[in-house]
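Worksheet: the structure to be examined is printed underneath.
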Amino acid sequence: MQEISKSYTGMTRIAPSLLAANFANLQADIEMINSSEADWLHLDVMDGVFVPNISFGFPVLKHVAALCKKPLDVHLMIVNPEKFIPEVKALGAYMMNVHYEACPHLHRIIQQIKETGMKAGVTLNPATPVALLADIIRDVDMVLLMSVNPGFGGQKFIPHTLEKVRELKAIIQRTNSQALIEVDGGVNDETGALLTEAGADILVAGSHVFKSSSPAEVIHRMRQL
Ligand code: DX5
Ligand code: ZN
């Protein structure tokens with residue numbers, strides 16, 4: 001049963017995070033993503049309230065969405081994410097991820113996201129146990145596990161995430177859920193290999209991709225992990 005995610009995808013999916021791109025020339029980086037083997041483009045929206053940083057919002061993302069040919073994986077690090085379901089839908093996003101810690105009525109928001117036709121993901125901060133997902137795991141399309149405290153790129157991977165991936169995989173298999181496991185923060189070739197071995201399906205990588213001199217090659221290599 002351990003092989004399920006691998007045989008399902010054939011290879012590891014990679015979602016480069018635009019947070020580490022060159023904000024003075026996003027077009028060049030998006031064109032690199034379009035011509036690379038990247039599976040999705042990961043977009044980090046921060047509000048300075050849920051997390052101690054502000055990234056970019058919908059006026060910028062509209063232009064990103066118009067240029068990008070890959071499915072958009074939107075990660076909302078904001079309070080009251082339900083307010084922005086129409087904006088995320090209008091981008092043409094594939095996946096909308098909301099934080100467990102920001103959603104007291106998580107079941108309702110997950111249904112609302114799915115009603116628009118988008119896939120719905122729930123995100124957990126490093127200190128939030130995966131066991132809390134038992135009653136929602138069959139309703140979500142993906143669980144995004146944070147392997148750093150959200151708010152900044154370039155942080156160090158928290159090794160305990162590997163245990164969380166294994167535990168989450170067991171919950172998914174036990175409940176016959178179809179949820180995918182995505183991991184975000186401090187992911188590189190080394191931590192990425194450990195994560196896919198533990199059961200992760202999709203790896204988000206910001207700095208590791210964009211700070212490299214050959215980002216497309218890094219994406220190609222990570223898909224073999
Ligand atoms: C952090 C964001 C991440 C970030 C990852 O809050 O959610 O997506 O871009 O950056 P790296 O890969 O540099 O840790
Ligand atoms: Zn993210």
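Structure above, values below:
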quantity	calculated
Net charge, H160 excluded, C-beta distance under 13 Å - Lys, Arg +1, Asp, Glu -1	+1
The chain: relative contact order as a whole-number percent, Cα under 8 Å and 6+ apart	23
Relative contact order, percent, region 109-181 [alpha-carbon distance under 8 Å, six or more residues apart]	34
Separation of the S207 and H107 label points, Cα + 7 Å toward Cβ, nm	4.0
Segment A170-K83, extension gain: residue separation times 0.36 nm, minus the distance between their alpha carbons	28.0 nm
Residues of type lysines that K62 reaches as a straight line, Cα spacing below 28 Å, ignoring anything fewer than 8 places off in the same chain	K70, K83, K89, K114, K119, K211
Whole-Hz couplings from phi, Karplus 6.51/-1.76/1.60, listed for region 30-35; x for Gly and Pro	5, 5, 4, 4, 4, 8
Separation of the Q178 and K62 label points, Cα + 7 Å toward Cβ, nm	3.3
About the Cα centre, charge dipole magnitude for region 13-222 (Lys/Arg +1, Asp/Glu -1 at Cβ), debye	240
Estimated inter-spin distance, A90 and R221, nm [label 7 Å along Cα→Cβ]	4.1
Point-charge dipole on Cβ atoms (K/R +1, D/E -1) for region 117-225, about Cα centre, debye to 20	20
Potential extension, V49-K69 segment - 0.36 nm per residue separation minus Cα distance	4.1 nm
Shape of region 13-222, Cα gyration tensor, a/c cut at 1.5	oblate
Whole-Å distance, taken between Cα centres, linking region 141-161 and region 166-189	13
Residue among K156, K114, K70 with the largest mean-square fluctuation in a Gaussian network model of the chain, springs linking Cα atoms under 10 Å	K156
Net +/- balance of residues flanking S207 in space, Cβ distance below 14 Å, scoring K and R +1, D and E -1	-3
A134-Q27 FRET efficiency (beta carbon distance; Förster radius 41 Å; 0.05 resolution)	0.40
Residue-wise HN-Hα coupling along region 49-62, computed from phi with Karplus coefficients 6.51, -1.76, 1.60 (Hz; x: Gly, Pro)	10, 5, 10, x, 6, 10, 10, 9, x, 5, x, 6, 4, 4
For region 209-225 and region 58-82, distance of Cα centres in Å	22
Residue of I172, I202, I14 that the Gaussian network model of the chain assigns the largest fluctuation, springs spanning Cα pairs under 10 Å	I172
Accessible area of region 13-222 divided out per residue, in Å², using a probe of 1.4 angstrom	43
Ellipticity estimate at 222 nm from DSSP helix runs (n ≥ 4, -39,500 (n - 2.57)) divided over the chain, nearest 500	-9500 deg cm²/dmol
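The values are calculated or read from the model by the stated rules, or taken from the named source; none is laboratory data. As the structure is a computational prediction, the values presented were derived from the model and not from experiment. Neighbour counts run over all protein chains shown; Cβ positions are idealised from the backbone, glycine included. All accessible areas refer to the heavy atoms of the entire protein, side chains included, with ligands and DNA or RNA removed. Shrake-Rupley method; radii C 1.70, N 1.55, O 1.52, S 1.80 Å.
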